[in-house]
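*Asks:* First the structure, which I've put down as structure tokens, then a few questions once you've had a look.
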Amino acid sequence: MRVLLVGLGDFGRSVAKILLSRGVEITAIDIQENVMDGIDFIRRNALSEDLWAEIDLEKYSSAVIAVPSDIDALLLIMMLRNKKRDMLIIARCNDPSYREKMFMAGADYVVDISTITSQMIISTIFKEDAEKKLIYENIHVRTYFIDETSPLAGTEAGNFDGVYILAIEKDGKTKDYGIIESNSRIAVIGKIEDLRKFEDRFINP
């Protein structure tokens with residue numbers, strides 16, 4: 001599996017560290033000299049048509065757009081979607097008002113909480129037993145323990161009534177997809193009112 005990472009700032013490097021830890025091969029593009037061990041690095045302007053004429057996108061299953069400008073991200077999403085229709089495109093969004101625009105441009109997933117990175121989710125939330133919250137535009141991350149009696153045990157992780165399950169941890173191993181097993185811990189993100197509904201339905205029925 002090889003991922004194309006456009007933008008190697010703080011957000012991009014956090015994503016790269018997680019991908020590398022899972023054995024994913026990465027090619028990163030950034031206009032600044034920002035070399036990182038373990039990845040192939042191209043120092044170029046990602047908005048250059050000449051660059052994309054040189055890159056064989058068939059080598060990549062997915063792309064992560066991690067540039068700081070939402071307008072540049074929109075252009076890159078449209079460019080990549082036009083060049084490879086079946087590519088999985090994940091985009092960073094700084095201004096929530098651009099979220100729908102990015103979906104319309106062709107992004108499959110949009111991360112509009114710039115202060116939440118994959119590294120924080122994996123390395124911070126699950127290292128402490130205390131509940132972790134991150135507030136951004138009324139959005140929180142909460143963790144819950146799933147025992148044998150939970151209605152979530154045995155179900156597939158994903159969207160649940162406005163909230164999304166970010167990760168599942170059990171026996172020291174973490175994954176971001178698959179079946180929620182009993183005696184595991186899950187990290188869930190959503191607006192506080194949706195989290196309360198989720199808790200009423202699945203955590204404290």
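The values are calculated or read from the model by the stated rules, or taken from the named source; none is laboratory data. These numbers were taken from a predicted model, which means no experiment stands behind them. No Cβ is skipped: glycine too gets one built from the backbone with ideal geometry, and neighbour counts run over all protein chains shown.
*Asks:* Suppose we filter the stretch 150-191 for residues that are outside any strand (DSSP E or B), at pLDDT below 90 and exposed (fewer than 13 other Cβ atoms within 10 Å of the Cβ); how many remain?
*Replies:* Number satisfying all stated conditions: 7.
*Asks:* Let me ask you something else. Collect the residues in the stretch 64-76 that are surrounded by 13 or more Cβ atoms within 10 Å (Cβ to Cβ) and of a type in the set (A, V, I, L, M, F, W, C), keeping them in residue-number order.
*Replies:* Across the stretch 64-76, the qualifying residues are Val64, Ile65, Ala66, Val67, Ala73, Leu74, Leu75, Leu76.
*Asks:* Here's another thing I want to ask about it. I need every pair where a residue in the stretch 186-197 that is closer than 25 Å to Gly172 by Cα has its Cβ under 6 Å from the Cβ of a residue that is among the polar types (S, T, N, Q), sequence separation at least 6 or different chains.
*Replies:* Once the first residue is closer than 25 Å to Gly172 by Cα and sits in the stretch 186-197, its partners that are among the polar types (S, T, N, Q) give Ala187/Thr143.
*Asks:* Now, a different point. Does Ser61 count as under 16 Å from Val3 (Cα atoms), at pLDDT below 90, surrounded by fewer than 17 Cβ atoms within 10 Å (Cβ to Cβ) and small (Gly, Ala, Ser)?
*Replies:* yes
*Asks:* Next up: Here are some conditions: (1) within 23 Å of Cys93 (Cβ to Cβ); (2) touching a strand residue (DSSP E or B) at 6+ places or on another chain (Cβ under 6 Å); (3) surrounded by fewer than 17 Cβ atoms within 10 Å (Cβ to Cβ); (4) not charged (D, E, K, R). Asn34 meets all but one. Which one does it not meet?
*Replies:* (2)
*Asks:* Check whether at least one residue in the stretch 40-49 is buried (at least 16 other Cβ atoms within 10 Å of the Cβ), in the same structural domain as Gly9 (by TED's automatic domain parsing) and in contact with a Lys or Arg (Cβ under 9 Å, 6 or more places away or on another chain), and report yes or no.
*Replies:* no
*Asks:* Related question: Is at least one residue of the stretch 49-61 small (Gly, Ala, Ser) and in contact (Cβ under 8 Å) with a residue 24 or more places away in the chain?
*Replies:* Yes, because at least one residue in the stretch 49-61 is small (Gly, Ala, Ser) and in contact (Cβ under 8 Å) with a residue 24 or more places away in the chain.
*Asks:* Here's something else I'd like to know. Just to be sure I understand, how many residues within the stretch 79-126 are at pLDDT 85 or above, touching an Asp or Glu at 6+ places or on another chain (Cβ under 6 Å) and of a type in the set (A, V, I, L, M, F, W, C)?
*Replies:* 3
*Asks:* Would you confirm, using the coordinates I've provided, whether Ile18 is outside the structural domain of Ile165 (by TED's automatic domain parsing) and either crowded, with 16+ Cβ neighbours inside 10 Å or basic (Lys, Arg) (or both)?
*Replies:* Taking the combined requirement at face value, the residue satisfies it.
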